[in-house]
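Undergrad: One structure, pasted below without further comment.
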Amino acid sequence: MVVGMRLKMIGVLVALAFLLSGITVLPASAAPSDVTSVRSIVVFESGANAAAETAIRGLGGVKLKSLPLINGAAFVLPGVAAERAVARLQGVKYVERDAIVYATRKPAPAPVAEQVTWNVEAIGADQVWPYDTGDGVRVAIVDSGIDLTHSDLEVVGGVSEVGYTSSYTDDNGHGTHVAGIVAALDNQIGVVGVGPDIDLYAVKVLNRKGSGYTSDIIAGLEWCMNNDMDVVNMSLGSSYYVQSFQDACTALYESGTVIVAAAGNTGTLQPFYPAAYAHVIGVGATDASDALAYFSTCGPHVDLVAPGVSVYSTYKGDTYTTLSGTSMASPHVAGVAALVIWADTDGWTPGEIEAHLEDSALDLGASGRDDYYGFGLVQAQGAVAE
């Protein structure tokens, strides 16, 4: 009887975890297709790519895509034994399992008239619009794409890294919701984003079911670097450390891009990636009372917090919906970072921009930085001087 009740409770908690999470990343070994074959990321030693790829093909590997950002490639290998054999090949630096990513959410009807939502007001973004709307700052939404026909969004460009389509429109919904938080238009309908004149770019790495691979994200980050993105938002992650993912983030950061990511929805102190990678701003979630959301992951990787409970924003199909999660918190910080970039005349580095966001945040919880609120609630008005 007690065991049965415990199992039911565990089932409820797992269901809640999936409903709250913006995106969850699981190891690729969890996928049924990995029973007979594995999809892997192979990183090569400098100058050894061609010879190593030939050897991998000799082991039955099929190359899916090159990943120049990390000097690697994604392969389908005939099994775990082949993956281990690849790891021992001369010229191979390391091999990692390509991870599968997931997302869930649901739509809601569009509002009749435009509204400035509570979350935008909570960070003071509406107070800086008279002199800073982020005009022309490039922000990439690395996600499920963006609804390209949404009447409250203007997408400047993008790319699809998923295999079944070259379109970067959103056939899932999550990416469109995130995009609206960053830059929904001030156009008398719907909602208004943190920076309504920010240039949005859709980097589609999740498919219509809300799943995809780490290698697709890495390829998307390379596109961001090659196309001079100022800010990248990743409302996705997992508790699994992936070296190639960290390497890609480091390369993008060193190219001059600010990287922002969701801190996770586990409600624990367990590290969550990419938010916990070096050079990535990890963002936790707060509610309308500035209290930490019960699901918000805590720990040293939390740098800032932002609204992430019952956030109303754009959604696929030219609609709107309310979602909760650190996935919703992260784009608030990405939007404020864009406002700071527009206002900055000194050419700050990504590290200097992060430090400025932290210095100007509203301190919550224990005095100074803590593992729950980080440096505090991001503040647009404090970060941007008129």
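Undergrad: Search region 240-268 for residues being free of Cβ contacts under 8 Å to residues at least 40 places away in the same chain and hydroxyl-bearing (Ser, Thr, Tyr), and hand back the single one that is farthest from Val203 (Cα to Cα).
TA: My answer is Thr268.
Undergrad: Where in region 301-386 are the helices (runs of 4 or more DSSP H), entirely inside, with at least 2 residues that are closer than 16 Å to His174 by Cα and in contact with a strand residue (DSSP E or B) (Cβ under 8 Å, 6 or more places away or on another chain)?
TA: 326-343
Undergrad: Something else about it: Which of the residues spanning region 130-146 are out of contact with any Pro (no Cβ under 8 Å at 6 or more places or on another chain) and under 13 Å from Leu200 (Cα atoms)?
TA: Within region 130-146, Asp135, Gly136, Val137, Arg138, Val139, Ala140, Val142, Asp143, Gly145, Ile146 qualify.
Undergrad: Can you name the residue in region 193-208 that is touching a strand residue (DSSP E or B) at 6+ places or on another chain (Cβ under 8 Å) and over 16 Å from Gly136 (Cα atoms) and is also modelled with the lowest pLDDT among such residues?
TA: It comes out as Leu206.
Undergrad: Now for a different question. Would you call Gly190 touching a Phe, Trp or Tyr at 6+ places or on another chain (Cβ under 8 Å) and closer than 24 Å to Trp348 by Cβ?
TA: When the stated conditions are applied, Gly190 does not pass them.
Undergrad: All but one of (1) surrounded by fewer than 21 Cβ atoms within 10 Å (Cβ to Cβ); (2) more than 17 Å from the chain's Cα centre (by Cα); (3) within 22 Å of Glu358 (Cβ to Cβ) hold for Asp318, so report the exception by its number.
TA: (3)
The values are calculated or read from the model by the stated rules, or taken from the named source; none is laboratory data. Since we're looking at a predicted model, the values are computed, not measured. So basically every Cβ, Gly included, is an ideal-geometry build from the backbone, and we count neighbours across all protein chains shown.
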